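Visitor: Below is one structure. I have some questions about it.
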Amino acid sequence: MSNNRIIYFLIISFIVTAVPCVSAAQKDLDTGDRPRIGLALSGGGARGAAHIGVLKVLEENRIPVDYIVGTSMGAIVGAFYASGMSPAELEAVISHIDWLDAFIDRIPRKDRSFRRKRDDDHYLIKPKPGVSWEGFEFPLGILDGQKIDLLLKRHTLRVTTVRDFDELSIPYRAVAADIETGEEIVIGHGDLALAMRASMSIPVVFAPRVIDGRLLVDGGISSNLAIDVVRQMGADIVIAVDISTPMQTREELKSVLAVTDQLASLLSRRNADLQILTLTDRDVFIKPDLGDIKTASFDRAKDAIPTGVIAAESALEELQRFSLSIEEYEEHLAARKRPNPWPIIDEVRIVNDSHLADKAIKARMRVDIGEPLDIDRLEKDLGQIYGLEIFESVYYDITREQGRIVLTVFAREASWGPNYLQSGVAVFEDYEGPNFNIAVAYTRTVINRLNGEWRTGIQIGQEPHARTELYQPVSSSLRNFLHLDAWVGERAVNVFDGDGNVTSEFNLLSYGFGFAVGRELGTWGELRAGLIRESGTIEVQVGDHDTPDYDFNTGELFLQIYVDELDNLYFPRYGGSLRARATSGLKGLGSDTGYEQGVLDGSYAYTWNRYTGLLNLTFAMTRHSDAPVQSMFRLGGFTRLSGLERNELIGQHAALMSAAFYRKFGNYMLLPIYAGFTVEYGNVFQDRNAIGFKEGIFASSVFLGIDTIIGPIYIAYGLTDTNRQNYYLALGRTFNINIPE
């Protein structure tokens, strides 16, 4: 072989063997084909907003992203970006979301059915476990995530018909874990919002989500920084962003909550560290310094974004190796798939696994076929269906089927229902010292296709009582209803002198039943009419024992309209309520005497920043001042002429005006704390002619209140203009004024 041929052979051999060894970063120089860049975004809760800062720097320096893999909060940021959002849009969305409200799965009171709003009139604890012959049943998570589900769906609505995540603007994967096996699950198809939701389902906190038959939870327990997944997608270069929470020191592990948080961090930290070890010199590792921003610091999510910018800029020397020219980058952006136009719905379907009739769900939905979807109205309708409080979740999906856009609503019945058990305790301090009532109630929901409900409750303590009731809607809208109830109970009726001393005490034992028909006017109001038949005995316990015991009978017809749009019945901040009731005692219904009564009461709350003003007005009268003692009106006690004893005043007529002013001082262990004062003016009257402004009692109070899971707690001091004063401790009673007793 000649020397020239030998040299030629060596050159060819060098080229053939050397080209595969050329670094991927040099491909664009030697062959014109740039390296594929993948972005791996870790989980870390609120700290994940730092990912947005990294994306800002990448775009400003024209660094393309060809693949994205995310876990938990990284899955959310990654999905939003892959769906076509810019970093600026991402920042606006992440910064303006009320994360605390989204993560607290409390149904807004305005969306609860009027029937469910009336549950607030009782002091039963709101969380209600299911009960069956096997024992108690509980949800799979403290929160189901109804609000966060709809939030994620709203912000990915333009790509909701994309079922293959490779067809998004940027190919994308979400990482979750199978809670049954612990196996890492990479989600690359299906419902994008559901994939994000599964990836962020922190065990115990959020209920898992089912995808392809698997029960999925937060991917952090299997792969919090999925570098291997983005390589499998085809990435030559990996930019890995780690925002996971650092381990706590021994000094910081001071509570069971801290230890629990540390256990979760151990799982995610260990698998992330193993992934980081796979990075090469060609890859880029970015770890923002997030300081004291914790996983749950969503009120500081916006503060995390600049830390991502700083961390990415510190790695700019490495990143700029992949920077494209202006023309190349614009070409890269133009090649990305654009989000779809706003969906126009061609068909609506209901997938309902509950006993409630499909038509009852459809009756609460307003979707215009052939028109662009009104997302605000849809979310409101779904919120009101969820507000029936029989579903674990009410979710929707939009798919494209043979060129038609189909909206499907999934109504999933609560897995721990339909039988529920609630309990509660009410404590109040009065002239006899501390008193209490303890109650337990069993509720059976959806006893038929129209959402009939049966509830039975028993109360022991100062006012023993038992009641059973049947509430039965009679139309597919669930608006028209029948209501039957029966009860037996005992309570004290006391007579006071002018100094607040008990002069007589009567024991009132009663039993009876009621029947009503009505119509819910929406979630905001109700109209009902009915009759009440009650009998009982009044016995003298303290006082003049020469007064004979006597039996009584009451038969009443009533008509009532009730509007309730308060955002909170315990510490209202917005909205109002109005109730008007007319009652007629009729001898024809078995009443001992005939009488006519009317009650009008209303309230209105308005808030400026943390300051709230609450106005209340109550007026109650008996037409001929002839109502029996068991039907008279009562005033006295905290916010009902503070300074007087509870229910100290009794009369045929009553009037009360009050105003409360209070401030929210923040939260203690997530419990809202309020402090404020009230001013009140009113009285009871035995005769209509005695009613007059000059006859009123002026009272005021100062109070501290906490809205807890077991009900509102109040500590108060009250004072009247006649120098009557009192201290109050109350648990499980409403703050706003009710109809005088």
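The values are calculated or read from the model by the stated rules, or taken from the named source; none is laboratory data. Computed from a prediction, not measured in an experiment: that's the story for all the values here. Backbone-built Cβ (ideal geometry, glycine too); neighbour counts: all protein chains shown. Only protein heavy atoms, including side chains, enter the accessible area calculation; ligands, DNA and RNA are left aside. Shrake-Rupley method; radii C 1.70, N 1.55, O 1.52, S 1.80 Å.
Visitor: Return one number: the angle in degrees, 0 to 90 and rounded to the nearest 10, between the long axis of the Cα atoms of helix 326-335 and the longest principal axis of the Cα atoms of the chain.
Guide: Helix 326-335 and the main axis of the chain meet at about 60 degrees.
Visitor: Percent of alpha carbon pairs in the chain separated by more than 52 Å?
Guide: On the way: 76909 of 274170 pairs.
Of the Cα pairs, 28 percent sit more than 52 Å apart.
Visitor: Next up: State the extension gain, in nm to one decimal, for the chain segment bounded by Val440 and Leu557, taking 0.36 nm per residue of separation less the distance between their alpha-carbons.
Guide: Numbers: separation 117, 0.36 × 117 = 42.12 nm, distance 2.95 nm.
Additional length available on full extension: 39.2 nm.
Visitor: While we're looking at this one, here's another question. Suppose each label sits 7 Å from its Cα in the direction of the beta carbon; what would the Arg158-Gln320 distance come out to in nanometres?
Guide: 3.2
Visitor: Normalised by the residues of the range 45-202, what does the relative contact order come to in percent, with Cα pairs under 8 Å and at least six apart? Could you put the intermediate results ahead of the total?
Guide: Values: 176 pairs, mean separation 48.6, N = 158.
Reported as a whole number, the value is 31 percent.
Visitor: When only C-alpha pairs under 8 Å and at least 6 residues apart count, what is the relative contact order of the chain, in percent? Present the calculation step by step, with values, prior to reporting the outcome.
Guide: Numbers: 1794 pairs, mean separation 77.2, N = 741.
Relative contact order, the chain: 10 percent.
Visitor: Would you tell me the accessible area of His355, worked out with a 1.4 angstrom probe on the heavy atoms of the protein chains, in Å² to the nearest 10?
Guide: Looks like 100 Å² after rounding.
Visitor: For the range 308-335, list residues with backbone N below 19 Å from a point placed 7 Å from the Cα of Asn61 toward its Cβ?
Guide: What the label zone holds, given the 19 Å backbone N cut-off, is 308-330, 332-333.
Visitor: Between Tyr727 and Arg106, what is the FRET efficiency for a Förster distance of 35 Å, r being their Cβ-Cβ separation, to the nearest 0.05? Walk me through the numbers before you get to the answer.
Guide: Working: r = 32 Å, r/R0 = 0.91.
Efficiency computed from Cβ-Cβ geometry: 0.65.
Visitor: Now for a separate question. Using a probe of 1.4 angstrom, how much of the accessible area of the range 153-253 is carbon and sulfur, in percent?
Guide: Values: 1870 of 3620 Å².
Whole-percent figure for carbon plus sulfur exposure: 52.
Visitor: Leaving out ligands, DNA and RNA, what percent of the accessible area of the range 79-142 is carbon and sulfur, probe 1.4 Å? It would help to have the intermediate numbers written out before the result.
Guide: Numbers: 2060 of 3190 Å².
Its accessible area is 64 percent carbon and sulfur atoms.
Visitor: Under 8 Å for C-alpha pairs, at least 6 residues apart: give me the relative contact order for the range 117-246, rounded to a whole percent. If you can, show how the numbers build up before the last one.
Guide: Details: 170 pairs, mean separation 28.2, N = 130.
Worked out over the range 117-246, it gives 22 percent.
Visitor: Hey, another quick one. With a ≥ b ≥ c taken as the square roots of the eigenvalues of the C-alpha gyration tensor of the range 489-645, please select rounded if a/c is under 1.5 and otherwise prolate if a/b is larger than b/c or oblate if it is not?
Guide: Working: a/c = 2.58, a/b = 1.34, b/c = 1.93.
It is oblate, given that a/c is not under 1.5 and a/b is not larger than b/c.
Visitor: So, R0 is 45 Å and r is the distance between the beta-carbons of Trp524 and Asp292; what FRET efficiency does that work out to, to 0.05?
Guide: Values: r = 43 Å, r/R0 = 0.97.
Efficiency, rounded to the nearest 0.05: 0.55.
Visitor: Shifting gears a bit: Measure nothing fancy, just the Cα-based angle from helix 3-18's long axis to the longest principal axis of the chain, in degrees from 0 to 90, nearest 10.
Guide: With both axes taken from Cα atoms, the answer is about 10 degrees.
Visitor: Given points 7 Å out from each Cα along the Cα-Cβ axis, report the Ala659 to Glu490 separation in nanometres with one decimal.
Guide: Calculated label separation equals 4.5 nm.
Visitor: Could you check the simple spin-label distance between Arg688 and Ile447, using points 7 Å along Cα→Cβ, in nm with one decimal?
Guide: 4.2
Visitor: Let a ≥ b ≥ c be the square roots of the eigenvalues of the Cα gyration tensor of the range 98-194; is it rounded (a/c under 1.5), or, if not, prolate (a/b larger than b/c) or oblate? Numbers along the way, then the final one.
Guide: Details: a/c = 3.30, a/b = 1.65, b/c = 1.99.
Cα axes put the range 98-194 in the oblate bin.
Visitor: Per residue, how much accessible area does the chain show when a 1.4 Å probe rolls over the protein heavy atoms, in square angstrom? If you can, show how the numbers build up before the last one.
Guide: On the way: 34110 Å² over 741 residues.
Heavy-atom accessible area per residue stands at 46 Å².
Visitor: Extension gain Tyr329-Val210, at 0.36 nm per residue separation less the Cα-Cα distance, in nm? Please list the in-between numbers first.
Guide: Numbers: separation 119, 0.36 × 119 = 42.84 nm, distance 3.89 nm.
So the chain would gain 38.9 nm between Tyr329 and Val210.
Visitor: Of the heavy-atom accessible surface of the range 368-521 (probe 1.4 angstrom), what whole percent is carbon and sulfur? Spell out each step's value before the answer.
Guide: Numbers: 3710 of 6550 Å².
That fraction is 57 percent.
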